[in-house]
Amino acid sequence: MVKNNVRTSFPENFLWGGATAASQVEGGYDRGGRGLSTSDMVAYKPRTGKNDNMKFNVTGKELDKYLEHPEDYYFPKRKGSQQYDHLEEDIRLLGKMGLKVYRFSISWTRLFPTGEEDSPLIEGVKFYDKLFDLLDKYHIEAMVTITHYEYPIHLVQKINGFESRKMIDYYLKFAKFLFKRWGKRAKYWIPFNEMNMTLISPYTGAGVLEDRSKYKNPTQRAYQASHHQLVAAAKATKLFREIVLPVNPDAKIGLMIARIENYAGTVKPVDQYMALHDDEINLMYPEVLIRGKYPNYMWRFFEENNFELETEPEDFDVLEKNTLDFISFSYYMTYIVQEEKGKTHTSGNVIGTIMNPYLELSEWSWPIDPMGLRITLNKLWDKFQVPLFIAENGLGAKDEIASDGKIHDIYRIQYLDKHFQAIREAITDGVPVFGITVWGIIDLVSAGTSEMSKRYGVIYVDADDAGNGTYQRKTKDSYDWYKKVISTNGKSLGSGAAVAVPSVLDDL
Ligand code: BG6
């Protein structure tokens, strides 16, 4: 509906989607000759409290222990949700829901077990061929995250991941193969998941073992690895334009960050400045990859942190000439920053934050703030003026099977409904958002805690934190709700969102 030149509804071709990551959903870590990756080496450690959400970092010392005695630990991401054996069913369920786009990642080591091979493993290629065939069958657009928190362990041990510049070439070899093989079949491409994760956990974001680093300064270490990833993303974009565009001229490539939307804790100027500064750090990635260069405030930041970024003369040219097409980001919550410490803290996506008294918390203590999504969309558009895509949003919650055998996840419906309405508001504000992929559309292993019980899906997977269960799929009430949202292109939002609807699983 367009009136007074204001769009008040979702555009016709809005992409309603779902997202997963190979390292959290696929399993089959030892099938078809697949090599070990960084996420396979994250051992399960029970949480000690609601704010204890960050269990993804691994040190060199721990890695040695895990490699030597794997039998002493449980590694949930090796099992994922066993999509490796449920692929047809998973894509069929997404197709029957009417999903428009599926964001997934490719397991680097399923194709190149060490990262050094020149040709890929046949079984791995066949697995992804099948995935693309199924997406075609159900008319679902593919959005490929080239790599989502998993790097070949071999390259971690050999060169310490993206700490080394050499990693750029290994990454490009992998990306080149994907572009050649599947460039025709995927319209949307993302070089790295949540690029700013490298600043928080260099192991997770960049395959860097901090205790094996040649850099003593942790800030230098993180930004150096980030720089290599930025150059890798720009070089991949060059390859994308050379290889993919001639065969798929509508294809697009975009960067992805975990959006840290900050509120200042008080109206004190210093708190306002802190919020601005944190925002600048978060937006360094689109500054470099959309505008094509490091902003001045970053050079000042490097200087004040006592290091010089190691660069090659070609880097600046590469970054400037190969800017990306769109910005995608994950959005789960907002954060508070202020000078005064000692306030109550909550947990959160990627990092925790100070408690915001105006917001409710999820079961994992993440603040819930749909309005923050509208704010973030507006800010990103105001600043960068490129199309935006919400690559992740969703609610991690415990689900129970009720006495009628169904999962009445009303809380998830309410969460998504409010966030989708916030997107509609941003679209009405004039922000070109072209879609959203709901995170963990099929229940999967949590990135942060490796728990299976932290569920995001509209499709339930029967498995527990210890990997027990049948891994059978079952739709939740949110599945039927999302199906309706998609079929009405968002018109069903708001009214009756909280009404539980019957499961359609029997009709499939
Ligand atoms: C994002 C990651 O940061 O958050 C996903 O890209 C992750 O991989 C998601 O799963 C939710 O976080 P968690 O820790 O609840 O799995």
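Observations
- Note: relative contact order over the chain, using C-alpha pairs below 8 Å and six or more positions apart, is 18 percent.
- Residue 96 paired with residue 6, simple spin-label distance in nm, labels 7 Å along Cα-to-beta-carbon: 4.1 nm
- Here the range 386-426 is described by how far its Cα atoms reach on the three principal axes: 48, 17, 12 Å, from widest to narrowest.
- The range 151-210 and the range 435-494 have their alpha-carbon centroids 27 Å apart.
- In whole percents, the pair-distance distribution calculated for the range 406-499 from its alpha-carbon pairs, binned every 10 Å from zero, is 15, 43, 29, 12, 1.
- Calculated over the range 107-190: convex hull of Cα atoms, volume per residue (Å³): 86 Å³
- Size of the chain: Rg and Dmax of its alpha carbons, in Å, are 21.6, 67.
- Summarising the label geometry, the points placed 7 Å from Cα in the beta-carbon direction at residue 400 and residue 13 lie 4.6 nm from one another.
- Order by protection proxy (mean Cβ within 10 Å, highest first), peptides 97-105, 344-352: 97-105, 344-352
- Mean sequence separation of contacting Cα pairs (under 8 Å, at least six apart), scaled by the length of the range 283-328, corresponds to a relative contact order of 51 percent.
- Computed per residue of the chain from DSSP H runs no shorter than four, each worth -39500 (n - 2.57), the mean residue ellipticity at 222 nm is -11000 deg cm²/dmol.
- Principal axis analysis of the Cα atoms in the range 128-236 yields extents of 51, 22, 22 Å, listed in decreasing size.
- log₁₀ of I(q)/I(0) at q = 0.18 Å⁻¹ - the range 297-355, Debye sum with one point per alpha carbon: -0.95
- Relative to the current alpha-carbon distance between residue 68 and residue 117, full extension at 0.36 nm per residue lengthens the span by 15.2 nm.
- Potential lengthening between residue 375 and residue 310 on full extension [0.36 nm per residue; Cα-Cα distance subtracted]: 19.9 nm
- In the range 1-104, the alpha-carbon atoms span a convex hull of 186 Å³ per residue.
- Cut-off 9 Å between beta-carbons: net charge of the residues surrounding residue 25, Lys and Arg +1, Asp and Glu -1: -3
- Counted by Cβ distance under 10 Å from residue 340, the other residues give a net charge of +1, where Lys and Arg count +1 and Asp and Glu count -1.
- Net charge of neighbours whose Cβ lies under 12 Å from the Cβ of residue 485, counting Lys and Arg as +1 and Asp and Glu as -1: +3
- Percent of beta bridges antiparallel (DSSP, the chain, rounded to nearest 5): 25 percent
- Distance-filtered residues of the range 69-85 - backbone nitrogen under 19 Å, label point 7 angstrom along residue 472 Cα→Cβ: 81-85
- Simple spin-label estimate for residue 45 and residue 462 in nanometres, 7 Å along Cα-Cβ: 3.3 nm
- Proximal lysines relative to residue 483, as straight alpha-carbon distance under 23 Å, when same-chain residues fewer than 8 apart are discounted: 96, 100, 137, 187, 398, 406, 418, 454, 474, 491
- Taking a ≥ b ≥ c as the square roots of the Cα gyration tensor eigenvalues, the range 46-146 comes out oblate, since a/c reaches at least 1.5 and a/b does not exceed b/c.
Values quoted throughout were computed directly from the atomic coordinates according to the rules given, and no laboratory measurement underlies them. Here the structure is a predicted model, which is why all the values come from computation and not from measurement. Don't worry about glycine lacking a Cβ; one is built from the backbone with ideal geometry, like all the others, and counts go over all protein chains shown.
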